[in-house]
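Below you'll find the structure, written out as structure tokens, and then a few comments.
The values are calculated or read from the model by the stated rules, or taken from the named source; none is laboratory data. This one's a predicted model, so the numbers in the text were calculated from it and none came from an experiment. Here the Cβ positions follow ideal geometry from the backbone for every residue, glycine too, while neighbour counts run over all protein chains shown. Each accessible area value is taken on the protein alone, full model and side chains, heavy atoms only, with ligands, DNA and RNA left out. Shrake-Rupley method; radii C 1.70, N 1.55, O 1.52, S 1.80 Å.
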Amino acid sequence: MKTVIGLEIHNQLASESKLFCACPTKGYRTAPANSLICPSCLSQPGSKPWGINAKAVGNVLKIALALNCKIILDKPVFVQRKHYIYPDLASGYQRTSKPIGENGELAGVKIREVHVEEDPGQYDLRTGEVNYNRSGVPLVEIVTDPDFTSADHARRFLEELSAILDYLGARRSEPGSMRVDANISIEGHPRIEVKNINSFKGVLTALTFEEARQKNLVKHGAQYGQETRHFDEKRGITIGLRKKESVDDYRYFPDPDVPPMVIGEKLVEKIRRGLPELPAQKRERFVRHYNVTGEEAFAICLEKEYADAFEEIAKDGGAKQAANFMRGVVKKQLNYRDLAYRDSKLTVKTISELLAMLEKKEITEKVAEKLLIDFLDKGLDPRKNAEKEGLLGIHGSQELEAIVERVISENKKPVEDFRKGKAEALHFLAGQVMKLTKGKASPREVKEMLEKRLK
Ligand SMILES: [Zn+2]
């Protein structure tokens with residue numbers, strides 16, 4: 001049973017004002033409810049939309065070009081009204097443009113189209129409160145072909161897409177600004193739309209759940225039709241909402257109050273020339289120039305600020321070690337805290353300091369990780385912390401030799417086993433040494449010392 005998944009991705013665009021009026025977008029989440037509104041974004045009788053926000057459209061063009069789309073040039077691109085009745089829409093319709101770019105491609109996935117639209121307001125189902133501060137905030141919508149065959153494939157794609165949007169500086173990058181709707185079906189069976197997925201983890205959970213649910217229905221020969229389901233992030237499940245609207249239900253038609261956009265080649269060329277180095281190009285350059293692995297480059301380049309930090313460290317040498325450490329230990333601790341590098345207290349200086357201590361073999365990777373954790377959680381300076389806690393390494397020292405001797409004399413049986421050719425016995429002995437050094441010795445050095453001593 002083959003799974004078929006397509007994605008519709010919405011992301012708020014970087015823009016100081018809303019799409020069809022001058023109301024600010026900054027701080028709309030924290031401002032008092034309904035304080036950032038005007039007659040236009042509320043569609044009050046007699047109000048008209050202002051001209052479309054050129055900066056928002058420019059950002060959509062950047063995105064479309066970065067996704068290798070063909071831009072719709074020199075012909076009118078209409079803004080349509082998409083009708084539905086829900087308290088989050090004051091006007092009863094959402095303004096959404098026809099495609100600005102089409103037929104793109106990213107990481108082997110076809111991008112069907114990219115367009116601009118306005119965010120609706122927010123309706124709280126529990127309290128019944130409506131807040132229109134978000135109403136009219138510019139959004140990009142990116143629609144893919146159903147080219148994904150698994151939840152993990154979709155998640156990886158979104159990571160890459162998300163990195164591109166950040167590199168372009170084209171979106172609001174606060175958490176929750178990306179929202180994903182997914183169409184998922186078992187080949188030859190009805191298509192289910194899952195709405196309200198707000199995180200990469202959510203994509204994985206929602207699609208894994210939905211795939212299993214549909215496969216189960218198919219296996220038992222159950223009849224089911226197209227429907228829209230809501231993802232409940234807390235419970236990790238999807239819940240049936242309603243039969244899916246067909247395109248006709250939305251009664252799309254061109255908004256008579258908004259003149260169509262016409263995008264000229266000159267503007268597109270100017271934007272194309274201004275595009276920054278994108279993640280894929282940066283990865284390729286890192287692999288070529290710094291000799292790091294593709295996997296290391298992928299992990300490091302997901303966040304531009306992190307990639308820049310790597311490059312600053314690597315240009316003075318030690319790129320291999322830096323890549324290994326930043327892809328492994330550092331990334332693990334950041335991910336564990338659900339923290340981006342730019343939002344953490346980490347700096348190039350801190351990472352370099354840890355790397356320098358590693359390089360001089362003053363600490364092991366295990367100790368480096370502990371120092372990093374103390375830095376992230378308590379703000380402790382790594383070197384001062386290492387000195388204070390007595391974590392600076394014991395290697396090749398008399399202290400280490402004494403510990404090795406002690407372990408050998410206290411573990412007669414494993415020593416004998418090793419001499420008889422039982423290789424695992426050495427792991428046990430090395431483990432005992434590591435325990436006594438509280439992890440401050442290098443495991444490789446300990447193993448070598450033991451081998452030398454026992455042969
Ligand atoms: Zn407004």
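Adding -39500 (n - 2.57) for every DSSP H run of four residues or longer, then dividing by how many residues the chain holds, sets the calculated 222 nm ellipticity at -12500 deg cm²/dmol.
What does the highest-first list of 122-128, 401-407, 139-145, 417-423 look like by mean Cβ count within 10 Å?
Values: 122-128: 10.1, 401-407: 16.7, 139-145: 21.6, 417-423: 12.1.
Packing proxy ranking, top to bottom: 139-145, 401-407, 417-423, 122-128.
Given contacts defined as C-alpha pairs under 8 Å and at least six residues apart, what's the relative contact order of the chain, whole-number percent? Write out the running numbers ahead of the final one.
Working: 776 pairs, mean separation 62.9, N = 455.
Across the chain, relative contact order equals 14 percent.
Using unit Cβ charges (K, R positive; D, E negative) and no other charged atoms, how large, in debye to the nearest 20, is the dipole of the chain about its Cα centre?
700
About its Cα centre, the range 277-433 has a charge dipole of approximately 240 debye under the convention of +1 per Lys or Arg Cβ and -1 per Asp or Glu Cβ, with nothing else charged.
About the Cα centre of the range 398-454, how large is the charge dipole given +1 on each Lys and Arg Cβ and -1 on each Asp and Glu Cβ? Please answer in debye to the nearest 20. Provide the component values of the computation, followed by the final result.
Details: 13 positive and 10 negative charges, 27 e Å.
Dipole magnitude for the range 398-454 comes out near 120 debye.
Accessible surface computed residue by residue for the chain, with neighbouring protein chains in place and a 1.4 Å probe, gives 51 Å² per residue. For the residue pairs Lys349/Lys438; Lys282/Lys388; Lys201/Lys388; Lys282/Lys370; Lys2/Lys331; Lys234/Lys366, the C-alpha atoms sit more than 32 angstrom apart in Lys282/Lys388; Lys201/Lys388; Lys2/Lys331; Lys234/Lys366.
A probe of 1.4 angstrom, applied to the heavy atoms of all protein chains, finds Glu118 with accessible area near 20 square angstrom.
Taking a ≥ b ≥ c as the square roots of the eigenvalues of the Cα gyration tensor of the chain, is the shape rounded (a/c under 1.5), prolate (a/b larger than b/c) or oblate? Working shown, then result.
Numbers: a/c = 2.51, a/b = 2.01, b/c = 1.25.
Taking the square roots of the gyration eigenvalues as a ≥ b ≥ c, the chain is prolate.
First compute the accessible area of the chain with a 1.4 Å probe, then give the percent of it belonging to carbon and sulfur atoms.
On the way: 11900 of 23010 Å².
The C+S portion of the solvent-accessible surface of the chain is 52 percent.
A prolate overall shape is assigned to the range 398-454, the ratio a/c of its alpha-carbon gyration tensor axes (a ≥ b ≥ c) being 1.5 or greater and a/b exceeding b/c.
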